[in-house]
2 protein chains.
Amino acid sequence: MELNKALEDLAALQKEYFAFQYAEAMLYYDSVTGAPEGATQGRGEAMAILGGRDFEILASAHTGELLDYLAARRAALSEPQNAQVRVIRREYDQICKIPKDEYTAFTALTNDATAVWHRSKQENDYASFAPFIDKIIASLIRFAGFYDPEKDPYDVFLDRYEPGMTKDKLETFFTELRRTIVPIIARIMESGVQPGNDFLFREFPVERQRELSDYLMQVLTIDRKYCTIAETEHPFTIEFSKHDVRITTKYLVNNLSSAIYSAVHEGGHALYELHTGDDLMYTFLARGTSMGVHESQSRLFENMIGRSEPFIQVVYPKLLELFPKQLEHIDAHSFWLAVNRVEPSLVRIEADELTYCLHVMVRFEIEKKLFAGEITAKDIPALWKILMKDYLGVEVPDDRSGALQDSHWSGGSFGYFPSYAIGSAYAAQFYNAMSNDVDIEDAVRSGNLSPLVNWLTEKVWCFGAGKEPDELLLSATGEAFNPQYYLDYLKNKFEHIYGLDGAQSTGG
Amino acid sequence: MELNKALEDLAALQKEYFAFQYAEAMLYYDSVTGAPEGATQGRGEAMAILGGRDFEILASAHTGELLDYLAARRAALSEPQNAQVRVIRREYDQICKIPKDEYTAFTALTNDATAVWHRSKQENDYASFAPFIDKIIASLIRFAGFYDPEKDPYDVFLDRYEPGMTKDKLETFFTELRRTIVPIIARIMESGVQPGNDFLFREFPVERQRELSDYLMQVLTIDRKYCTIAETEHPFTIEFSKHDVRITTKYLVNNLSSAIYSAVHEGGHALYELHTGDDLMYTFLARGTSMGVHESQSRLFENMIGRSEPFIQVVYPKLLELFPKQLEHIDAHSFWLAVNRVEPSLVRIEADELTYCLHVMVRFEIEKKLFAGEITAKDIPALWKILMKDYLGVEVPDDRSGALQDSHWSGGSFGYFPSYAIGSAYAAQFYNAMSNDVDIEDAVRSGNLSPLVNWLTEKVWCFGAGKEPDELLLSATGEAFNPQYYLDYLKNKFEHIYGLDGAQSTGG
């Protein structure tokens, strides 16, 4: 093989893979935004064939040889080329290290598990779902042995979603985080004082909420030539290329805050994808670098910007224009307090900014123990209740609003939840570094977010998946992952909002 | 090769092709219903790769051998298997008989031509577009030689869109049709009396028009579990499987008739696709048999059913409910007259039912002469004006509303236009045969179209592409193509509407 030929092959492989991923992503996107109910079977047949083809592209002997050949010539490759080899290798290993029949069996298992989970959740029937968790954990532990027999199995999967992340690092982070959050929540609850938020649940016509989303995209500097908004049951953002990003959102006629923060959250994801480097197009680098880093961008915009008082001040005239009756006699300051109201609750996806990470920690503790063999699926509901009581002070009445609430485990995604919390902590670290170069509050207050967008493009987004999370944090912020920024941010923000400033926070 | 193995290969080939066509159709559908403007380049890259793959599937040496092997064993195959071999062979020949470099050059030529046509139409600049027509005709004549050197080149392309159709058959049909239509139009124009239709152009809120489309789908018995409605610039219907059909339509705030007949027309196409046989799924037969037959179904529902007085009587209460102000003091009879108003005009896609085919004939005459070498592109505008004056009695003021109005030629689709007119004639023949078994007016009047849907399913739709058009007409109606039904239908309908009954129609 010659080096030039190998590099050409590398580019061709990625473009070919891009085309298949494009098609499969489009079928998925269509399935949750516009397809009729009856489409399932035909789409399944098409997906199986397309999926088989992209499996062949990635998992071929030629790909393996090409990656070996190029890995042996690192010095002769550019930085992005080396990054491509690294990222493709990761995906290649993920498929090729598992015997094909085990891989197929696992796909069937998670398909069944997902179907059973849907029913179990509906019927509050944890017992039917439990055996699937045990089977999935057993498979994943076996897979971890194929991937990296030296490594702790849970670490193998944490690393899949967040390269470089380990159980130990998370334990340190979460312990600190709990010590910060739990006492603040306790003091808020003890104070018995809450900002009013009933006006957020009045009737907001969906057509107006759509206008609001369009307006928020404009505030976020999103060029709609390259980004659409569709509607779906569980909002997400998906990209086909940096010039074609699709946000999805959901409108609840009685919940204004949901519409705002769904749009701003997905807007953060979209901004990342819209600003990956032009030179990365049609390569494996044209995407976010990890789940955690992606989530850091959505949470930075949703919570740190979107729930800040300057942001509310800027968008409030538009809110009043769209909903004059519903927001009558409510000023921007009250609105800001309302969207930051803290209230321990049962369901992760409805949690407020402060309590959110505690929900993640419940799942982390359980996943850790499952992988360590300290518990099996039957023990989860009881442990769930204990942890929720311990961390959030809430009583879990049933499994539907407890251990059955999330879909992730049924799909085999263990090790995924922590990336949500890591994302928030990364966000605070990026925000802090950005504040050294940019007057963020001033930019937000002026309604022109370009300085933020420019900083993030240059420091984070333009690299796509070209840097590992650790590397990216170091280059963008000058230091390795440091959760202290997040702890400080939460403490300052919520003590201020609840008027607890100056008081000593008690250790948790 | 063993027969069983060959049949397995045939099924596998079709399913594989189905998956790629599915993906490409989805990318197309997305591009005209939801994609952001910036998506073009990425989609183009993905399409090129996916298109290359499905080209390889169809145009492989293995496919050629398989088709030869099976064609030599017709007696051992079932009727649908033989039909599959026939239909796949047609598509195979269409690709494989043209040298690959000529095929590629032609694709590039039509891409350029389409771009230039868009500009030319906008700027009323026929001269820039003309050279492309000459080049396309030259290529098509060369292609016709590859396809079938014995056959008249124009016949080769007529047959592509409507298997079995020839210039001679069309000439006979069109001559008769002109003799019927032209005098009726003349008498209508001479009478100087027209039904009022100004109320069709009042303001109809789009949200209400959407409700109307949903209602019309219900009247057409379309199960929305398998069929959605999206919005686009140039409405069409596309199917992914018989359980997944997508109608697209367009709403003009000042045109109610457009919304109604776009929905009913596309509904007719959708009904066909929704009722192809279950056993045809994932084969080349799971689609309509020809352009003309497909169009016959949409026009049967649009014109023969949808513009009939019983249909208007049935849907009118809903129209009044949705648009009480706009239709105040208008009764169903006046509404029916209005949607059947005849008025010669310049633009084909805005033409009424009676004058429509004359627009098609203008294009047929020109295409015929281009293929025969009697004229070249430079002669088209003058000939267009003469024919429009002759057939429709209208003066063509410019090429934008003349020879530049349609996109078809720029895409290389010569021989396509006649299928619109053939479709209308087929529709009348099917309608007549159906009326022997079903009391159509009675069914429509009762608002229950099931008897029609059942008849058409059994006689037409269930076969998909399993029968050639001629064969289908014969089996469904008991006779070969007979345009007399269409001539009688037009004469009766429009003489009745315009009160010309009993009067002698003058020869044209």
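Only the coordinates and a few stated rules stand behind these numbers; no lab work does. Treat the numbers as computed from the prediction; the structure is a model and nothing was measured. Backbone-built Cβ (ideal geometry, glycine too); neighbour counts: all protein chains shown.
With respect to chain A, whose longest principal axis is taken over its alpha-carbon atoms, helix A:206-219 is tilted by about 70°.
Counting only aspartates and glutamates at least 8 places from residue B:121 when in the same chain, those with an alpha carbon closer than 13 Å to its own are B:398, B:399, B:406.
Express the relative contact order of chain B as a whole percentage, based on alpha carbon pairs under 8 Å and six or more residues apart in sequence.
Numbers: 647 pairs, mean separation 99.1, N = 508.
Normalised by residue count, the contact order of chain B is 20 percent.
Inter-chain neighbour count for B:221-233: the average number of beta-carbon atoms from partner chains within 10 Å of each residue's beta-carbon is 2. Contact order, relative form, for the range A:269-385: 14 percent (alpha carbon pairs under 8 Å, 6 or more residues apart, mean separation divided by residue count). The trypsin sites (Lys or Arg not before Pro) of the range A:10-93 meeting both criteria, a DSSP state outside H, G, I, E and B (loop) and at most 16 other C-beta atoms within 10 angstrom of the site's C-beta, are A:73. Spatial offset of the range B:17-54 relative to the range A:120-174 amounts to 36 Å, using the alpha carbon center of each.
Amide H contacts of residue A:252: A:259, each under 5 Å away and 5 or more positions distant or on a separate chain (H built 1.01 Å from N in the peptide plane; Pro and chain starts excluded). Across the range A:1-96, the volume of the C-alpha convex hull divided among the residues equals 98 Å³ per residue.
Any idea what diffusion coefficient the range A:211-311 gets from Stokes-Einstein, in µm²/s, Kirkwood Rh on alpha carbon pairs, 37 °C, 0.692 mPa s? Intermediate values should be presented prior to the final figure.
Values: Rh = 13.7 Å.
Using the Kirkwood radius from Cα pairs, D works out to 239 µm²/s.
Extending 7 Å from the Cα toward the beta-carbon at both residue A:394 and residue A:375 defines two label points whose distance is 1.7 nm.
Give B:369/B:467; B:169/B:378; A:167/A:369; B:5/B:97; B:135/B:369 a once-over and call out the pairs whose C-alpha atoms are over 21 Å from each other. Working shown, then result.
Numbers: B:369/B:467 31 Å; B:169/B:378 28 Å; A:167/A:369 11 Å; B:5/B:97 26 Å; B:135/B:369 15 Å.
In this structure, B:369/B:467; B:169/B:378; B:5/B:97 lie more than 21 Å apart at Cα.
Sorted on the mean count of surrounding Cβ atoms within 10 Å across their residues, most packed first, peptides A:98-106, B:478-486 read B:478-486, A:98-106. By its C-alpha gyration tensor, with a ≥ b ≥ c as the square roots of the eigenvalues, how is the range A:159-223 shaped: rounded for a/c under 1.5, else prolate for a/b larger than b/c, else oblate? Oblate shape, in that a/c is at least 1.5 and b/c is the bigger or equal ratio.
Got the relative contact order for the range A:1-96 handy, in percent, Cα pairs under 8 Å and 6 or more residues apart?
Values: 36 pairs, mean separation 30.9, N = 96.
Reported relative contact order: 32 percent.
In a DSSP loop and with at most 15 other Cβ atoms within 10 Å, the GluC sites (Glu not before Pro) in the range A:278-338 are A:328. Counting only DSSP beta bridges with both residues in chain B, what percent are antiparallel, rounded to the nearest 5? Here the antiparallel bridges make up roughly 50 percent for chain B. With q set to 0.07, 0.08 Å⁻¹, the log10 of I(q)/I(0) for chain A, from the Debye formula over equal scatterers at the Cα positions, is -0.40, -0.52.
Considering every alpha-carbon pair of the range B:339-401, the percent of pairs per 10 Å bin, from zero through the bin containing the longest distance, is 22, 52, 22, 4, 0.
Cross-link partners of residue B:325 among lysines, defined as those whose alpha carbon lies under 29 angstrom from its own and excluding same-chain residues fewer than eight positions apart: A:325, B:250. Return the whole-Å distance between the Cα centroid of the range A:206-243 and the Cα centroid of the range A:282-307. Each part reduced to its Cα centre gives a spacing of 15 Å.
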